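Accompanying notes for the structure given below.
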Amino acid sequence: MSVLVFGVGRDLWQAVGHYEPQVSWLTAETTGARVAALKAAGHPGTAGLYTLAASLSWGLIGALTAGGFAWGVVHKGASVIGLDKALNYLIAIAALYALAGLTAAALHALRLPMQDGGLQSIPGLWFATMIPSAAILARIGALIAHDAGVLMAVWLEADPDRLARLTAEAEADHGVDSLEARLARLIARRPAVS
């Protein structure tokens, strides 16, 4: 996607005027605000490119998450990431988005004498943050969905030996008090789905 965006994009490093900083490309409001700002600045091609990149990013996240879940259900292997680590990744990403949002808001509030609209209004930076964050979120989504698929398949299968192995593996790999081990023990205690 980077090759597409930076290969065909025009005027990506020129600030777009009349753009209010947004929290994250993950919200529909941000896409709308950025597309409107690009159109108002006379860059309809870049507006279309932004819409395409956002759609492809969401598609990548959805496809890898669905694929990870299906892989976990079909193969019922060991968990990959562990729920504790997955939650830590999500918290770290949320913290990074919060930091980026606060930085953008601070720059906007300071009205530094930069280009019109400030640093947060440069489309090239929008793409430069969207593309890698989509890849990271897709990878995390796939890993979490894989583990959810494994747990669901093992629970539905209700094989007592497999459930005992799952619990032992989770306790050995992630610790007895980890969220992963607690969830494995909970699944092992639940009655089989009939």
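General observations
- Residues that are in a helix (DSSP H, G or I) and among the charged types (D, E, K, R), drawn from the stretch 161-178: D161, R162, R165, E169, E171, D173
- Screening the candidates L83, L64, L112 for the property of being at pLDDT 75 or above and aliphatic (A, V, I, L, M) yields one hit, L64.
- Yes/no for A53 being open to solvent by less than 20 Å² (accessible area, probe 1.4 Å), among the hydrophobic types (A, V, I, L, M, F, W, C), touching a Leu at 6+ places or on another chain (Cβ under 9 Å) and assigned to a helix (DSSP H, G or I): yes
- Selection of the stretch 1-41 for residues being open to solvent by 50 Å² or more (accessible area, probe 1.4 Å), modelled with pLDDT of 85 or more and in a helix (DSSP H, G or I) yields A28, E29, A36, K39, A40.
- Test: residue in the stretch 77-87 that is within 17 Å of T129 (Cα to Cα), surrounded by 13 or more Cβ atoms within 10 Å (Cβ to Cβ) and of a type in the set (S, T, N, Q): no
- Selection over the stretch 129-159 of residues that are among the acidic types (D, E) and open to solvent by less than 20 Å² (accessible area, probe 1.4 Å) gives a count of 1.
- Subset of the stretch 172-194 [touching a Phe, Trp or Tyr at 6+ places or on another chain (Cβ under 8 Å) and either open to solvent by less than 100 Å² (accessible area, probe 1.4 Å) or at pLDDT 80 or above (or both)]: I187, V193
The values are calculated or read from the model by the stated rules, or taken from the named source; none is laboratory data. Note that this is a predicted model, so its numbers are computed, not measured. Methodologically, a virtual Cβ is constructed for each residue, glycine included, from the backbone with ideal geometry; neighbour enumeration extends over all protein chains shown. These area figures cover heavy atoms from the full protein model, side chains too; ligands, DNA and RNA do not enter into them. Shrake-Rupley method; radii C 1.70, N 1.55, O 1.52, S 1.80 Å.
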